Amino acid sequence: MTVEEIAAQFATDGTIGKVQPHGGGHINDSYRILNGTQDHPDYLLQRVNHYVFKDVELLMRNMVLVTDHVRAKIQKDHPEEVERRCMTIIPAIDGKSYFKDPEGNYWRVLRFIEDHLVFDSTTDTDIAYEGARTFGAFTAMLNDLPAGEVGTVIPDFHNMKWRLTQLEDSIRKDAAGRLKEVKKEIDYVESRSKMMLTIHELGEKGAIPLRVTHNDTKISNILFDKNKKGLCVIDLDTIQPGYVTSDFGDGIRTLTNTGEEDDANLDRVSMDLDLFEAFASGFLDSTRDILSDTEKDALLYAALLFPYMQAVRFLIDYLDGDVYYKTLHKEHNLVRARAQFKLTQDGEAKLDDLKQIIKNLA
Ligand code: GN1
Ligand code: MG
């Protein structure tokens, strides 16, 4: 089926005009459906990667539950802007929240939010603050949705213990014959594994609660309005039960990096303290009243854990032969892993500063 034919399977208003590729992302494919009829909204058509997301029905059920929950809150505070501040899922004509094509691909349609800004990265601390405040507000709106009500889309997604086991497995198999190239990286992983299990252990003990978490809090998953105020949290695929540290940690990982996620020049990769402070400040301004002291203390470890865990994930995919992340060249996952290890090391070197910043804000 063509994307136009697929778009026609949904209960959209107006007519389907041009359908054009939209945005980046390592996992899903997105298209913007331009409305062929004036004064009718555009839409976002997405093919959900079902290699990564094994249970798309569950994923969509979570997405409906969470957007309904959040919409009800936004309705109270910003009744005039509900459709800009919350994703709207457009059902398929059979009423389902997705459409499965004859080849077995899963598709969904969302209302396109007009006149937004997206930042793939930023050095502007106001934008960092706003992004974090918006993610934190999302966490806070979900505070009263019990974690058990959403399903687990990717088991053990941010479980460091399991990621280490997965790495051992990939080392043992050495499926792509690349093990010999990554000895140094593996030594580093081992040398830090104990500290990096801190959050996992707090969770196991029940010292930090399971919440409904977003699990992919990069700045590009926030839509901003034209005044650079945070508008809407997007990319809700990985919503599932998790710890608040995921949403803080992945935000820090992606936002504070002075280099690229896949920077080949490691001198460019470091953790920017001003951006760290801005993100922590925005996140805590929205969540200060709902987080426990133990959760607040755990945020510091999250700042190191998330670059480290992402590095391990890229390393695993490199060893496995690039089966998970889309790659642009043969060494891409290795380059990514090295950049994320560098970010972890820089965070370690700045640990006292990070600690002080969180302490002052919490
Ligand atoms: C993937 O596709 P994207 O960019 O939203 C990944 C995240 C990683 C990120 C690294 C389901 O997210 O967990 O942090 O790449 N998503 C999944 O860039 O694995
Ligand atoms: Mg994502």
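Numbers at a glance
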| item | result |
| --- | --- |
| Residues R268 and H116, FRET efficiency given R0 of 35 Å [Cβ-Cβ distance, rounded to 0.05] | 0.75 |
| Neighbour-limited loop hits for trypsin sites (Lys or Arg not before Pro), the range 94-139 (at most 14 other Cβ within 10 Å; DSSP other than H, G, I, E, B) | K96 |
| Accessible area in square angstrom per residue, the chain, 1.4 angstrom probe | 45 Å² |
| C-alpha center-to-center spacing [the range 81-142, the range 297-362] in angstrom | 25 Å |
| From the C-alpha gyration tensor of the range 125-361, square roots of 5λ in Å | 28, 20, 17 |
| Model label zone, Y325; criterion: amide N under 12 Å from point 7 Å along Cα-to-beta-carbon; scope the range 255-279 | 260-264 |
| Portion, in percent, of the accessible area of the range 13-55 that falls on carbon or sulfur, probe 1.4 Å | 45 percent |
| Added length on full extension, which subtracts the Cα-Cα distance from 0.36 nm per residue, S191 to A140 | 14.8 nm |
| Sequence-separation-based contact order of the chain, relative, with Cα cut under 8 Å and 6+ spacing, percent | 18 percent |
| Percentage, to the nearest whole number, of Cα pairs in the range 88-130 over 11 Å apart | 75 percent |
| With DNA, RNA and ligands ignored, accessible area of D187 (1.4 Å probe; Å², nearest 10) | 100 Å² |
| Local net charge near V56, Cβ-Cβ under 13 Å (Lys/Arg +1, Asp/Glu -1) | +2 |
| Nonlocal amide H pairs with D29, under 5 Å, H built at 1.01 Å | R47, N49 |
| Cα gyration tensor category, rounded, prolate or oblate, for the range 207-255 with a/c compared to 1.5 | prolate |
| In degrees, nearest ten, helix 351-361 long axis to first principal axis of the chain (Cα) | 50 degrees |
| Net charge of Cβ neighbours under 15 Å - reference D68; Lys, Arg +1; Asp, Glu -1 | +3 |
| Cα gyration tensor category, rounded, prolate or oblate, for the range 3-111 with a/c compared to 1.5 | oblate |
| Förster radius 56 Å - calculated FRET efficiency between I93 and D285 (Cβ-Cβ, nearest 0.05) | 0.85 |
| DSSP loop GluC sites (Glu not before Pro) with at most 12 other Cβ within 10 Å excluded, longest remaining stretch of the chain | 115-362 |
| Selection from Q46, V56, Y106 lying farthest towards where the dipole of the range 3-111 points positive, charges on Cβ | V56 |
| Helical contribution to [θ] at 222 nm, DSSP H n ≥ 4, -39,500 (n - 2.57), averaged over the chain, rounded to 500 | -15000 deg cm²/dmol |
| Subset of K205/K296; K54/K226; K228/K326; K54/K183; K229/K326; K161/K183 violating a 25 Å alpha-carbon distance limit | K54/K226; K228/K326; K54/K183; K229/K326 |
| Rounded tilt (10° steps) of 160-173 against the dominant C-alpha axis of the chain | 80 degrees |
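The values are calculated or read from the model by the stated rules, or taken from the named source; none is laboratory data. All of these numbers come straight from a predicted model, not from anything done at the bench. Ideal geometry is used to build each Cβ from the backbone, glycine not excepted, and the neighbour counts take in all protein chains shown. Ligands, DNA and RNA are stripped out before the accessible areas are found, and what is left, the full protein with its side chains, is counted by its heavy atoms. Shrake-Rupley method; radii C 1.70, N 1.55, O 1.52, S 1.80 Å.
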